[in-house]
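A.B. asks: Below is the structure I would like to discuss, written out as structure tokens.
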Amino acid sequence: SETEEIEAMENLIQWLPDNVPQSEEVSITHGDYRLDNVIFHPTEPKVLAVLDWELSTLGHPVADLAYHCMYWRLTPGEFRGIAGVDHKQTGIPHEEEYVERYCQRTGRASIENWDFYIAYNMFRLAGILQGIMGRVKDGTASSAHAVDQGKRARPMAEAGWRQVENILRKPTS
């Protein structure tokens with residue numbers, strides 16, 4: 001639900017449908033796969049549960065990984081991102097290492113069009129954030145933080161469009 005015109009959002013609306021990677025792969029996707037929705041074992045490096053499935057749907061198998069990884073492209077001031085943090089000191093792998101581990105565990109050589117999936121998820125989240133702002137304007141927002149969340153639609157859309165600009169700068173073969 002559009003609450004204000006955001007140029008980056010309009011750009012994404014135009015670009016994304018024309019550039020969807022061709023793929024026959026389909027799986028159940030969580031839709032909001034992030035650390036906040038995962039319960040870890042208290043003493044072992046093991047996931048016990050994944051919560052918050054109301055956005056689940058059928059989609060591309062790497063959609064959740066890209067949603068999770070978009071935080072590597074955002075700074076700590078933007079949406080609790082981790083771009084620019086000292087990965088060695090924190091023990092958080094670099095995005096490339098993380099994706100490589102995913103590929104190893106799923107039998108993939110690599111993930112084609114990775115930046116598309118990042119841009120798409122940023123667009124998707126910007127749309128969700130605009131929906132939150134719409135509920136603020138309608139007086140139906142359920143969170144005290146809704147205004148702050150809604151204001152993040154523009155910077156998230158702009159981050160998504162930056163991903164597309166990076167794609168467009170890459171040489172094609």
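A.B. asks: For the range 85-95, name all the residues that are free of Cβ contacts under 8 Å to residues at least 12 places away in the same chain, surrounded by 11 or more Cβ atoms within 10 Å (Cβ to Cβ) and not β-branched (Val, Ile, Thr).
C.D. replies: Start the filter on the range 85-95 by keeping residues that are free of Cβ contacts under 8 Å to residues at least 12 places away in the same chain, which leaves 85-93.
Subset that is surrounded by 11 or more Cβ atoms within 10 Å (Cβ to Cβ): 85, 87, 92-93.
Answer for the range 85-95, where residues must be free of Cβ contacts under 8 Å to residues at least 12 places away in the same chain, surrounded by 11 or more Cβ atoms within 10 Å (Cβ to Cβ) and not β-branched (Val, Ile, Thr): HIS87, PRO93.
A.B. asks: Among the listed residues GLN163, GLN130, which satisfies the condition of being at pLDDT below 95 and either out of contact with any strand residue (DSSP E or B) (no Cβ under 6 Å at 6 or more places or on another chain) or at negative phi (or both)? Steps first, answer last, please.
C.D. replies: On the way: GLN163 fails: at pLDDT below 95.
Criteria check complete, one pass: GLN130.
A.B. asks: Go through (1) free of Cβ contacts under 8 Å to residues at least 24 places away in the same chain; (2) outside any helix (DSSP H, G or I) and name the single condition VAL147 misses.
C.D. replies: Every listed condition holds for VAL147 apart from (2).
A.B. asks: Another question, if that's okay. For the range 48-96, enumerate the residues that are hydrophobic (A, V, I, L, M, F, W, C) and under 22 Å from ASP148 (Cα atoms). Can you show your working first?
C.D. replies: First pass over the range 48-96, keeping only residues hydrophobic (A, V, I, L, M, F, W, C): 48-51, 53, 55, 58, 62-63, 65-66, 69-70, 72, 74, 79, 82-83, 85, 92.
Passing the criteria: LEU55, MET70, TRP72, LEU74, PHE79, ILE82, ALA83.
A.B. asks: Return the residue satisfying two criteria in turn: it lies in the range 63-79 and is touching a residue at least 24 places away in the same chain (Cβ under 8 Å) and among the small types (Gly, Ala, Ser), and of such residues it is nearest to ALA157 (Cα to Cα). It would help to see each step written out before you state the result.
C.D. replies: Going through the range 63-79, the residues touching a residue at least 24 places away in the same chain (Cβ under 8 Å) turn out to be 63-74, 78-79.
Add one more test, that the residue is among the small types (Gly, Ala, Ser), and what stays is 63, 66.
On the way: ALA63: 17, ALA66: 16 Å.
Ranking the candidates gives ALA66 first.
A.B. asks: Could you tell me how many of the residues in the range 1-27 are in contact with a Phe, Trp or Tyr (Cβ under 9 Å, 6 or more places away or on another chain) and either part of a loop (DSSP other than H, G, I, E, B) or not aromatic (Phe, Trp, Tyr) (or both)?
C.D. replies: If we filter the range 1-27 for residues that are in contact with a Phe, Trp or Tyr (Cβ under 9 Å, 6 or more places away or on another chain), which is where we start, we get 7-9, 11-13, 15-16, 19-21.
Imposing the further condition that a residue be either part of a loop (DSSP other than H, G, I, E, B) or not aromatic (Phe, Trp, Tyr) (or both) reduces the set to 7-9, 11-13, 16, 19-21.
Residues meeting the conditions: 10.
A.B. asks: While we're here: Mind telling me which of the residues LEU16, LEU58 ends up being of a type outside the set (Val, Ile, Thr), under 22 Å from ILE128 (Cβ atoms) and in contact (Cβ under 8 Å) with a residue 60 or more places away in the chain?
C.D. replies: Working: LEU58 fails: in contact (Cβ under 8 Å) with a residue 60 or more places away in the chain.
Of LEU16, LEU58, the one residue that is of a type outside the set (Val, Ile, Thr), under 22 Å from ILE128 (Cβ atoms) and in contact (Cβ under 8 Å) with a residue 60 or more places away in the chain is LEU16.
A.B. asks: Report yes if ARG135 is of a type in the set (Lys, Arg) and either under 28 Å from VAL62 (Cα atoms) or touching a residue at least 40 places away in the same chain (Cβ under 8 Å) (or both), otherwise no. Spell out how you get there, then give the answer.
C.D. replies: Values: of a type in the set (Lys, Arg): yes; either under 28 Å from VAL62 (Cα atoms) or touching a residue at least 40 places away in the same chain (Cβ under 8 Å) (or both): no.
It is false that ARG135 is of a type in the set (Lys, Arg) and either under 28 Å from VAL62 (Cα atoms) or touching a residue at least 40 places away in the same chain (Cβ under 8 Å) (or both).
A.B. asks: Here is a follow-up. For the range 66-79, does any single residue satisfy the condition of being over 30 Å from ARG135 (Cβ atoms) and surrounded by fewer than 16 Cβ atoms within 10 Å (Cβ to Cβ)? Full working, then the answer.
C.D. replies: Our first condition is that a residue be over 30 Å from ARG135 (Cβ atoms); within the range 66-79, this holds for none.
There is no residue in the range 66-79 that is over 30 Å from ARG135 (Cβ atoms) and surrounded by fewer than 16 Cβ atoms within 10 Å (Cβ to Cβ).
A.B. asks: Something else now. Return yes when ASP52 is part of a loop (DSSP other than H, G, I, E, B) and within 21 Å of ALA157 (Cβ to Cβ) and no when it is not.
C.D. replies: On the way: part of a loop (DSSP other than H, G, I, E, B): yes; within 21 Å of ALA157 (Cβ to Cβ): no.
Taking the combined requirement at face value, the residue does not satisfy it.
One line per residue, one yes/no per condition, for (1) in a helix (DSSP H, G or I); (2) aliphatic (A, V, I, L, M); (3) without any contact (Cβ under 8 Å) to a residue 12 or more places away in the chain; (4) touching a His at 6+ places or on another chain (Cβ under 7 Å):
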position	(1), (2), (3), (4)
GLY81	no, no, yes, no
VAL99	yes, yes, no, no
TYR102	yes, no, no, no
ARG105	yes, no, yes, no
SER110	no, no, yes, no
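A.B. asks: Related question: Within the range 29-57, count every residue that is acidic (Asp, Glu), over 14 Å from the mean Cα position of the chain (by Cα) and exposed (fewer than 10 other Cβ atoms within 10 Å of the Cβ).
C.D. replies: Taking the range 29-57 as the starting set, the residues that turn out to be acidic (Asp, Glu) are 32, 36, 44, 52, 54.
Still in the list and also over 14 Å from the mean Cα position of the chain (by Cα): 44, 52, 54.
Next, only the ones that are exposed (fewer than 10 other Cβ atoms within 10 Å of the Cβ) stay: 44, 54.
Qualifying residue count, the range 29-57: 2.
The values are calculated or read from the model by the stated rules, or taken from the named source; none is laboratory data. The structure displayed is predicted, hence computed values, not measured ones. With ideal geometry, Cβ positions are generated from the backbone for all residues, glycine too; neighbour counts draw on all protein chains shown.
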